[in-house]
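> Before I ask anything, let me first share the structure, which is written out below as structure tokens.
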Amino acid sequence: MQPPSAATVNDPIVAPETPPISAPTRPKGKEAEELIRRAPVSYVWNQLGSMWQFVALFMFNIVVVRGLGNAYGVLAVALTLFNTLVYFAAFGLEDAASVFVPRTLGDAGRPAMASIVRKLLVTRVLMVGILSIAIIPLILVLGNAHSGVAGNLNQTLRAGDIAPVILPLALYLSGTGLANLLGAIFTALLRTRLTFIVNGLSQLANLGGAFAAIRLGYGVGGVLWAVGIVTWATALIYLLLLAPLGLTRRGTATPPSFAPVMRLGGTAWLTNLISGALLKQSVVWVMGFFVIADIVIGRFNLAFQLSHAAAFLLIAGLGGVGLAAMAAAYSGEDRAGLATAWRAVSKVQVLLAVPLLAFVFIHAQSIAVALYGANNIGVGDLMQIFLVFNIAQRLGGGGSSQAALYVIGKQWLALLTQWIGLIVTVGLALALVPATGLFGGAAGALIAVGVGQAGVEFAQLILASYYLRRKYPIRFTLRVCLALIPPIALAYFWRHPGGILPIPSHIGALPIGRFSDLIVAVIVFAIVLIASLAIARPIEADDVELLAQTNPRLRPILRPFASGLRPAIATPTPSTNLE
């Protein structure tokens with residue numbers, strides 16, 4: 001990795017007192033270089049897996065809702081308890097694996113990485129084992145309680161109904177915890193085609209098992225036994241696949257310290273608690289405190305979920321892959337290599353997420369009605385408010401800066417910014433939710449969450465720029481935004497010729513008609529966007545050269561969208577340079 005140029009060092013976004021970047025302590029090993037080369041294709045497989053998981057979960061919900069009828073309420077309560085326990089058992093180990101597995105592989109080799117993997121697995125087994133055993137007497141006690149705090153918890157959890165299915169729930173919890181970590185380890189090694197196959201078959205088995213359990217009359221307990229057995233089978237398959245990689249055998253090298261792994265895991269666990277649960281839930285609590293109507297809270301929830309689904313639809317595959325690629329790039333403490341990887345992940349976030357969010361913003365009303373019915377037209381207006389902040393968050397890097405802070409060991413800064421964001425969110429919610437008018441109620445709640453999320457993203461962007469000595473890709477982002485003008489203008493005037501976002505005249509059409517119309521709009525938007533990108537040419541020559549080293553077939557695909565590209569390049573030689 002070549003050191004940054006003087007122009008980069010003196011970049012105006014970096015404070016003058018920024019400490020200089022030290023040279024890598026040692027060259028990157030072959031394993032780290034191989035991980036970096038696999039990153040683009042790994043993203044594709046991981047993205048396909050994420051989209052299939054979304055479809056499979058949707059189909060699973062249809063099967064259990066239709067098959068269980070009124071008993072679905074018991075399953076819903078059980079799964080809510082299950083998701084909470086899975087979160088507590090996680091302890092950020094998936095994030096820690098995404099950083100330390102590839103980094104240890106690049107720095108110390110396969111035996112050292114195998115030691116980290118074994119300790120991760122032992123830690124996860126202990127955590128899920130303790131929780132699985134503890135919830136059995138807990139739920140049984142709650143099931144017999146009728147007064148006091150335990151009685152209230154019993155009523156909330158419906159423990160009397162859940163008690164008969166607590167054993168399969170414990171099986172499901174332990175299997176899922178182990179399978180999730182094993183999947184994260186393979187993703188950290190950028191073997192996402194394997195995870196796509198294993199997880200895809202697992203989800204198919206879940207569907208088949210749930211359908212069979214319901215048809216055979218085993219009810220909620222049968223469904224939980226089926227998915228619990230499938231998750232354990234998935235975990236065992238992953239364990240078998242670890243053996244050929246040599247990760248289950250002890251090496252002769254001195255094992256690396258596990259303390260940094262646990263520190264990152266604990267910090268990531270608290271960070272995920274804020275960003276994944278508390279940020280939204282705190283605003284819901286504020287709405288409940290001011291006795292906001294349930295229908296308003298429901299529309300807030302629908303707008304929040306649909307906007308977030310659009311924000312992550314095309315970049316869900318970046319999650320573990322982007323973090324692993326950054327960790328591999330940092331092998332040898334190569335901050336310049338990490339800076340290049342950080343900018344690359346940020347650019348992918350902008351290129352894939354922002355155009356989709358812009359499309360959803362224009363068609364928010366039609367999408368809300370097509371999915372939720374004409375009674376939820378107001379959800380479209382709320383989505384447009386929240387989408388503004390989602391677009392800002394993606395323009396700020398969309399989580400890539402937090403990943404960079406994890407890699408360089410500054411995870412405490414990521415946690416600090418998240419806590420500050422939570423405080424800002426609650427303060428804004430207390431001020432806006434009880435207000436009347438355009439920015440009160442659900443709209444005020446979404447503004448509070450949006451400001452908190454976007455504020456955290458830009459704070460972390462500044463911190464990452466400071467420590468990595470690289471500026472945010474402003475030129476790239478501006479050119480992408482410029483290329484968005486024609487498709488946005490076409491979509492706006494084509495769909496809304498009558499004024500500022502009116503409801504389309506055919507909004508009462510059959511659902512199939514609404515969806516087909518949206519599909520046509522997506523195709524037209526994509527065609528115009530591709531043509532605009534070919535004119536704006538936002539991709540830089542360095543990006544093409546970088547991707548050509550990882551996969552030469554990408555070069556002719558990206559050439560029409562790149563500016564300043566040289567006519568030909570020499571055959572790349574092995575190097576630690578990522579740029």
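> How would you rank 316-324, 226-234, highest first, on the average number of other Cβ atoms within 10 Å across their residues? Please report the intermediate quantities before stating the final value.
Values: 316-324: 24.9, 226-234: 21.3.
Descending mean neighbour count gives 316-324, 226-234.
> If you don't mind, another one. Determine the gain in length on full extension of the stretch residue 436-residue 541; use 0.36 nm per residue of separation and subtract their C-alpha separation, reporting nm with one decimal.
32.7 nm
> Let me ask something else. On a C-alpha basis, how far is the centre of region 29-60 from the centre of region 347-385 in Å? Whole number, if you could?
When both Cα centres are located, 26 Å separates them.
> Hey, can you rank 516-523, 195-202, 451-458 by average C-beta count inside 10 Å, highest first? Display every interim value, and only then the final one.
On the way: 516-523: 13.6, 195-202: 19.0, 451-458: 22.4.
Result, highest mean first: 451-458, 195-202, 516-523.
> Please report, in Å, the Rg and the Dmax of region 263-477, where both are computed over Cα atoms only.
17.8, 57
Read-outs: derived from the displayed coordinates by stated rules, not from any lab. These numbers were taken from a predicted model, which means no experiment stands behind them. Methodologically, a virtual Cβ is constructed for each residue, glycine included, from the backbone with ideal geometry; neighbour enumeration extends over all protein chains shown.
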